[in-house]
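Here is the structure we will look at, set down as structure tokens.
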Amino acid sequence: MTTTAEWYADCLSLNDEYDLSALQDPALLSLETRIVEHLTNSWCTEQKARLLLEVVVLTTPAVCVEIGAFTGSCTLPMAAGLSYLQHGHAHIIDAWSNAEAVRGLPPDDVNTVWWSGLDMAAVKGQFTQMLHDWQLTHVCDVLPEPSRDAVSKVPSIDFLHLDGNFSEQGALLDSELYLPKVTTGGYALLSNALVTVASLPTKMKALRPFFESCEIIAELDGGNTLLFRKR
Ligand SMILES: C[S@@+](CC[C@H](N)C(=O)[O-])C[C@H]1O[C@@H](n2cnc3c(N)ncnc32)[C@H](O)[C@@H]1O
């Protein structure tokens with residue numbers, strides 16, 4: 001298996017497992033263009049938006065889970081893929097809480113200062129508005145609580161996106177709790193893999209469970225976004 005520095009959907013289908021012609025549907029191409037334009041200057045890069053939409057369309061997951069939705073930049077392409085397919089459901093988890101966002105971070109770190117000062121009710125409001133505007137409310141089950149509390153409420157996962165807590169303990173807990181729920185052959189995306197807190201790369205420990213149970217498929221955004229497949 002080779003990894004790819006840019007998103008090319010054919011890296012998913014080296015054994016002709018998926019029908020790549022599904023990505024040529026003009027309705028899908030038009031949807032993808034609208035999503036990419038909408039996400040310009042968001043936290044979801046064009047490469048990641050295409051990956052999220054195309055992995056969903058090709059692999060037709062019954063259950064998607066996202067930890068860390070914020071305003072929903074990455075929720076949009078994933079949920080739009082499910083809506084396009086008229087198949088599958090997304091469980092979207094975010095505490096939308098300043099206290100949870102800074103849990104485990106050192107008090108004087110720049111991340112702590114930034115996450116402490118956010119109006120999380122307004123952030124959640126933007127997320128809800130995005131689901132409404134894109135008519136995606138029906139494909140999303142929103143769990144506004146800490147990821148450790150939500151884990152018992154989600155079934156087996158076909159596609160997981162981890163983009164939650166930035167602390168070493170929080171990120172590791174997310175991968176330890178949620179990766180075992182991903183089905184064999186399912187996919188898991190880790191975002192902000194290179195985040196640093198107090199000059200330390202805090203998601204490195206969270207990567208260990210990925211490498212123990214998955215193979216790496218794609219590496220985007222300079223290594224900040226990693227796609228894995230569960231063995
Ligand atoms: C980097 S942001 C997610 C960005 C989002 N995926 C996007 O592309 O716009 C991290 C999110 O994780 C959430 N978060 C942090 N710790 C959490 C926890 N323990 N449980 C649930 N959500 C948490 C924060 O509220 C924040 O919205």
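For the reader, a short list of remarks on this structure follows.
- Fewest-first ranking of S199, S116, S83, using other Cβ atoms within 10 Å as the exposure measure: S199, S116, S83
- Centre separation in Å (Cα based) which lies between the stretch 9-79 and the stretch 116-160: 18
- Across the stretch 27-212, Cα pairs under 8 Å and at least six residues apart give a relative contact order of 22 percent.
- Between 0 and 90 degrees, the angle of helix 120-133 with respect to the longest Cα principal axis of the chain falls at about 10 degrees.
- Tensor-based shape of the stretch 90-172 (alpha-carbon gyration tensor, a/c under 1.5 rounded, otherwise prolate or oblate): oblate
- Cα pair distances exceeding 21 angstrom across the chain, given as percent: 53
- Taking 0.36 nm per residue of separation and subtracting the Cα-Cα distance, full extension of the segment from H132 to N224 would add 30.2 nm.
- Cα gyration tensor category, rounded, prolate or oblate, for the stretch 18-120 with a/c compared to 1.5: prolate
- Fewest-first ranking of H89, H161, H132, using other Cβ atoms within 10 Å as the exposure measure: H132, H89, H161
- Two-site label geometry, I216 and L29: point separation in nm, points 7 Å out along Cα→Cβ: 3.3
- Note on the stretch 88-178: dipole from Cβ charges, positive end direction compared against Q129, A99, L162; the farthest Cα belongs to Q129.
- Rounded to 5, the percent of DSSP beta bridges in the chain classed as antiparallel: 40
- Efficiency of FRET between S13 and N41 - r from beta-carbon atoms, R0 45 angstrom, step 0.05: 0.90
- Packing-based exposure ordering (other Cβ within 10 Å, fewest first) of V110, V65, V102: V110, V102, V65
- Judged by the gyration tensor of its Cα atoms, with axes a ≥ b ≥ c, the stretch 1-75 is prolate; a/c meets the 1.5 cut and a/b is the larger of a/b and b/c.
- Spatially proximal lysines relative to K153 (Cα-Cα < 19 Å; intrachain offsets below 8 disregarded): K181
Laboratory data are not the source of any read-out in this text; all were calculated from the coordinates shown. Here the structure is a predicted model, which means the values were calculated and not measured. Positions of Cβ are backbone-derived with ideal geometry, glycine not excepted, and every protein chain shown enters the neighbour counts.
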